[in-house]
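Here the structure comes first, spelled out in structure tokens, and everything after it is commentary.
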């Protein structure tokens, strides 16, 4: 295993310590619940928004905590949903009189924890909203999931609800906005290599030097099919042919287009894919309102990429363009 | 070779096309010179700043063109410095009456092209300043380089001079600021794996499953030594023990601390390294003014990381905090 790691069992806490230290005081870290949260949360004037699935998908979600994004993230260990206790205690710590919004990616383990915690919070008299993200068109009812999986499209749910919550939107309004994003966003990914969880120390699955996995899950779950490695043009065709007809996105639509690296693919290749996808969408009459290229939701060191489309209207455009601040910044 | 690529000979132009398309009109692309430049450049009220070494180091430098950063970047092919013609023609296209600043990383191929182009520009009556970046403490007079190599510390030269040029600073002032950054910045990197240039199709060098290269060059050049894979703690010690005494950085100093991923290392590991480095510096009385974690100067898909320290004073702090915009953004 070729990783920067000390004791693999301390991988997540040591990463979270780094996130807190890099934040310049903007974030706090509570090691009891793997919790990274805004130092100024909870804020009585805004609904708190929290998420937390498995670790190993960074920057999702611990690195996108900040103004205009999440108020806190309480992930489980690598590729493991958070225990109920993490979600319940985080909800209590970050609870605002305006309520709290739970963002959940659709995996059975995550759902179980978040639904049980929500019931516990409500039994305590807390006002809790919940959104279930399931943007991955690759497969339904696969390993670990009933229904579709939640992947990189989750970023847009955070961005839109995070912006609205900064503007003082009520919990019901945030749920409406989030459901609109979820109804408008679709994704699919392709893996060129496997990935290696630190505690396991060996690749999660085997894949041939001339193969790729179409519709890969972000925990290495099987996708639609294992096929021969194809050119970048062919790969973008495979992704668009799955994503575009699913909503469907149609000529005249404006979209946010995201090419998301899965962790081991360099940004040069991500931009190459982006250019191809942008042009192919233009050929179909679908225009890009705003581009997103980089790592948003990864699978540790997996070489691969996913493509996400979000159909935008005036309301979503404004929310996407609203300012946001996270510690995982360039400057 | 497991890459997202069509014809490997078109790797760089296809990537540059993607950068331009992703910019939403902020950037233009001139395929004659691999040139990505600000759509509003040249600007008569500011010195133009350009760079261009080999491709394969993205986001350096084509993805950090924008307001407060570079006005243009004209890289050569993967790991090959730009031809003289690229630099000369880019200088003419982006020339401002206030002059033009050439940023050059210290590699023999790059220097030859930039120095010859500077002479040609000056023969045309253009006012040209030049800065030579050589922050890598690993080795001197190595493969491809006389003196020290220029690596990720280059980001801070761009950030500081880019901010000052937006404020209307004259060329001589930018050279002074750039030289101050160069005199205050030091870096070193460690590679866990090799990297694969698209046209070559095979790894650039061999490295054992239990080995790492200390002081790696960003083109895979040998560093100080090939040693057994060590823990993250030990790796940070190796890097700090090389970088800190070089300037030297001393108790009481304030620094910008950068952990730079080399392309194939996930951001989770980069933050883990960051946390360790931040704490070890604090133990030496060196405090972090601002953190930089992510990919700044890569080597294609190499797994590895480098550490950069920049000693800051009030002037540099203000320049680091000044606003900047690039297409390679999160939001």
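The values are calculated or read from the model by the stated rules, or taken from the named source; none is laboratory data. Computed from a prediction, not measured in an experiment: that's the story for all the values here. Every residue, glycine as well, gets a Cβ built from its backbone with ideal geometry; the counts of neighbours run over all protein chains shown.
For segment B:315-328, the criterion of being assigned to a helix (DSSP H, G or I), within 9 Å of chain A (Cβ to nearest Cβ) and more than 16 Å from the chain's Cα centre (by Cα) is met by at least one residue. Only one of the listed residues (A:275, A:252) is assigned by TED's automatic domain parsing to the domain that holds residue A:195, under 29 Å from residue B:268 (Cα atoms) and free of Cβ contacts under 8 Å to residues at least 40 places away in the same chain. That residue is A:275.
Candidates in segment A:284-311 are the residues that are out of contact with any helix residue (DSSP H, G or I) (no Cβ under 7 Å at 6 or more places or on another chain) and more than 10 Å from chain B (Cβ to nearest Cβ); of these, the one that is surrounded by the fewest Cβ atoms within 10 Å (Cβ to Cβ) is A:285. With respect to the conditions (1) in a loop (DSSP other than H, G, I, E, B); (2) crowded, with 24+ Cβ neighbours inside 10 Å; (3) modelled with pLDDT of 95 or more, residue B:218 falls short on a single one, namely (3). With the condition kept exactly as written, say whether any residue in segment A:90-104 is within 16 Å of the chain's Cα centre (by Cα) and farther than 22 Å from residue A:26 by Cα. Scanning segment A:90-104, I find at least one residue that is within 16 Å of the chain's Cα centre (by Cα) and farther than 22 Å from residue A:26 by Cα, so the answer is yes.
For residue A:116, the test of being part of a helix (DSSP H, G or I), within 14 Å of chain B (Cβ to nearest Cβ) and in contact with a helix residue (DSSP H, G or I) (Cβ under 8 Å, 6 or more places away or on another chain) is failed. Within segment B:265-283, the set of residues being touching a strand residue (DSSP E or B) at 6+ places or on another chain (Cβ under 8 Å), in a helix (DSSP H, G or I), at the interface with chain A (Cβ under 7 Å from one of its Cβ atoms) and within 21 Å of residue B:298 (Cα to Cα) comprises B:267, B:268, B:269, B:271, B:273, B:274. Scanning segment A:68-85 for any residue that is in contact with a helix residue (DSSP H, G or I) (Cβ under 8 Å, 6 or more places away or on another chain), within 11 Å of another protein chain (Cβ to nearest Cβ), within 26 Å of residue B:278 (Cα to Cα) and in a loop (DSSP other than H, G, I, E, B) turns up at least one such residue. For segment B:234-264, the set of residues classified as within 7 Å of chain A (Cβ to nearest Cβ) and either surrounded by fewer than 16 Cβ atoms within 10 Å (Cβ to Cβ) or in a loop (DSSP other than H, G, I, E, B) (or both) consists of B:264 only. Restricting attention to segment B:219-233 and to residues that are without any contact (Cβ under 8 Å) to a residue 24 or more places away in the chain and in contact with a strand residue (DSSP E or B) (Cβ under 8 Å, 6 or more places away or on another chain), the residue that is farthest from the other protein chains (Cβ to nearest Cβ) turns out to be B:225. Among the conditions (1) surrounded by 16 or more Cβ atoms within 10 Å (Cβ to Cβ); (2) within 21 Å of the chain's Cα centre (by Cα); (3) modelled with pLDDT of 95 or more; (4) farther than 26 Å from residue A:273 by Cα, residue A:156 misses just one, which is (4).
Of all residues in segment B:164-189, which are surrounded by fewer than 24 Cβ atoms within 10 Å (Cβ to Cβ) and either farther than 13 Å from residue B:319 by Cβ or within 14 Å of chain A (Cβ to nearest Cβ) (or both)? Across segment B:164-189, the qualifying residues are B:166, B:168, B:170, B:171, B:172, B:175, B:179, B:182, B:183. Residues in segment A:119-132 that are surrounded by fewer than 16 Cβ atoms within 10 Å (Cβ to Cβ) and in a helix (DSSP H, G or I): A:119, A:122, A:123. Given the conditions (1) buried (at least 19 other Cβ atoms within 10 Å of the Cβ); (2) part of a helix (DSSP H, G or I), which single one is not true for residue B:102? Among (1) buried (at least 19 other Cβ atoms within 10 Å of the Cβ); (2) part of a helix (DSSP H, G or I), residue B:102 violates only (2).
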